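Everything on this sheet refers to the single structure shown next.
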């Protein structure tokens, strides 16, 4: 009797954990997107923030002409990659960091 009660308790707790994980994934909020514009009305910055207000996800900036200037990828406030473009839109360089946030690739 005691062993079957322990097995029943483990099964019940396991299903509760699964239910909680499902609930947590459904209630997790998406990063909030912010847009900022140059005085001439052209998009200047597009970024996303997590619940703590830290940059999370892509961040893009544009020249006043509308040409892409920079692209970044953030994970809860830490930049993991970046690309930089000249005013004509040509890629100047790109950087990517690994899991330990050490530079793993630098392209020019």
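The values are calculated or read from the model by the stated rules, or taken from the named source; none is laboratory data. Worth saying up front: this structure is predicted, and the values here are computed from it rather than measured. Cβ sites come from the backbone with ideal geometry, for glycine too, and all protein chains shown count toward neighbours.
Just to be sure before I move on: is residue 80 surrounded by 10 or more Cβ atoms within 10 Å (Cβ to Cβ) and modelled with pLDDT under 95 in the structure I sent? Steps first, answer last, please.
Numbers: surrounded by 10 or more Cβ atoms within 10 Å (Cβ to Cβ): yes; modelled with pLDDT under 95: yes.
Criteria met by residue 80.
Filtering the range 85-97 to residues that are in contact with a strand residue (DSSP E or B) (Cβ under 7 Å, 6 or more places away or on another chain) and surrounded by fewer than 17 Cβ atoms within 10 Å (Cβ to Cβ) leaves 86, 89, 91, 92, 93, 94, 96.
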